[in-house]
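Right, one structure below, let's go through it.
Every number in this text was worked out from the coordinates using simple rules, so none of it is lab data. Since the structure is predicted, the reported quantities are computational estimates derived from the model, not experimental observations. Quick reminder, even Gly has a Cβ in these numbers, built from the backbone with ideal geometry, and neighbours come from all protein chains shown.
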Amino acid sequence: MERVEHDDLPALHSLITGLRRDQDAVIAGLSSPWSSGQVEGQNTRVKRIKRDGCGRANFDLLRTRILRRS
């Protein structure tokens, strides 16, 4: 990381700063056998269904569409 600090790349400096600040979380995320992939996939699916309604659907219809596609 020392070489990165001497480069003139502000975005890379920001990345390294963030990684250092959250180092414990990064290590835990990379070494843990658990994944939040299933949850993130469901969130993405629900958001897509919601966007497809374009604000026209009420909550009951949105709920039905989400549960029907499960």
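Couple of notes before you dig in:
- The structure shown yields semi-axes √(5λ) of the Cα gyration tensor in Å, and of the options (i) 19, 15, 10; (ii) 17, 12, 11; (iii) 40, 18, 8 that calculated value carries the label (iii).
- For the chain, the longest principal axis of the Cα atoms and the long axis of helix 59-68 meet at an angle of about 80 degrees.
- Cβ-derived FRET efficiency at R0 30 Å, Cys54 paired with Ser32, nearest 0.05: 0.20
- Between 0 and 90°, nearest 10: helix 37-53 axis offset from the chain longest Cα axis: 50
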